[in-house]
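> Below is the structure I would like to discuss, written out as structure tokens.
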Amino acid sequence: GLVAVALYVGVFYLHFRMLPKTGPGTDFMRDSFKTQLIGHPTYDPNRKRDSFWSSFSYLNGEMFRANKRITQRHPFESKWYQWPVNRRSMPYHTGRGAQINLTSNNVITIAILIAVLTTLLSLPFLIRYRH
């Protein structure tokens, strides 16, 4: 669990550090964050940057609220269990005549599935025959 949390938080840390410029996805961010983005009309190079934890908690809260506002189904939706088996790829980025879809690597997916199943099946034996 701790590794998953570290990975989740780490991805956001890299995101905030590597993307200092404004773009089409900044409209929902708070004004204080927009002033830190190069190219935004309100950009202020002298403004102190928001802390990572402040931006992280705000963005995750905003994503949660945005997902709660979704009330209608759409033709590109997918269930969580369809991603690992490549039933449907996840649209990741569309722009300038290009589209990037996020898909899983079948070899890695099968290896992880085997590792998880092996662990789950061996747990009763490990618990039963421990010293």
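> Select from region 1-67 those trypsin sites (Lys or Arg not before Pro) which occupy a DSSP coil region and have at most 15 other Cβ atoms within 10 Å, ordered by residue number. Don't skip to the answer; put the middle values down first.
Details: sites: R17, K21, R30, K34, R47, K48, R49, R65; in loops: R30, R47, K48, R49.
The qualifying sites are R30, R47, K48, R49.
> Further question on the same structure: What percent do you get for the relative contact order of region 55-131 when only Cα pairs under 8 Å and 6+ apart count? Walk me through the numbers on the way to the answer.
Numbers: 35 pairs, mean separation 12.9, N = 77.
Computed over region 55-131, the figure is 17 percent.
> Each residue of region 46-63 in turn: what ³J(HN,Hα) in whole Hz from Karplus with 6.51, -1.76, 1.60 and θ = phi - 60°, glycine and Pro shown as x?
Residue by residue, region 46-63 yields 8, 6, 5, 5, 5, 5, 4, 5, 5, 5, 4, 5, 5, 5, 5, x, 5, 5 Hz.
> At a 1.4 Å probe radius, which order do D27, D44, D50 fall into by accessible area, largest first? Working shown, then result.
Details: D27 120, D44 65, D50 35 Å².
Descending order: D27, D44, D50.
> Could I ask something else about it? Given contacts defined as C-alpha pairs under 8 Å and at least six residues apart, what's the relative contact order of region 1-120, whole-number percent? Spell out each step's value before the answer.
On the way: 73 pairs, mean separation 14.4, N = 120.
In percent, rounded to a whole number, it is 12.
> Working from Cα positions, state the angle (0 to 90°, nearest 10) between the long axis of helix 106-128 and the longest principal axis of the chain.
Here the helix axis deviates by roughly 50 degrees.
> Related question: Which values, in whole Å and largest first, are the semi-axes of the equivalent ellipsoid of the chain obtained as the square root of 5 times each eigenvalue of the Cα gyration tensor? Write down the numbers at each step before the final one.
Values: eigenvalues 275, 95, 42 Å².
The equivalent ellipsoid of the chain has semi-axes of 37, 22, 14 Å.
> Less than 15 Å Cβ to Cβ from T109, Lys/Arg counted +1 and Asp/Glu -1: what total charge do the surrounding residues give? Let's see the in-between values first.
Values: positive: R87, R88; negative: none.
Once positives and negatives cancel, what remains is +2.
> Over what distance in Å are the Cα centres of region 51-77 and region 85-112 separated?
So the two Cα centres are separated by 20 Å.
The values are calculated or read from the model by the stated rules, or taken from the named source; none is laboratory data. All figures in this text were calculated on a predicted structure; none of them were measured in a lab. Cβ: placed from backbone, ideal geometry, glycine included. Neighbour counts: every protein chain shown. Calculation scope for accessible area: heavy atoms of the full protein, side chains included, ligands and nucleic acids excluded. Shrake-Rupley method; radii C 1.70, N 1.55, O 1.52, S 1.80 Å.
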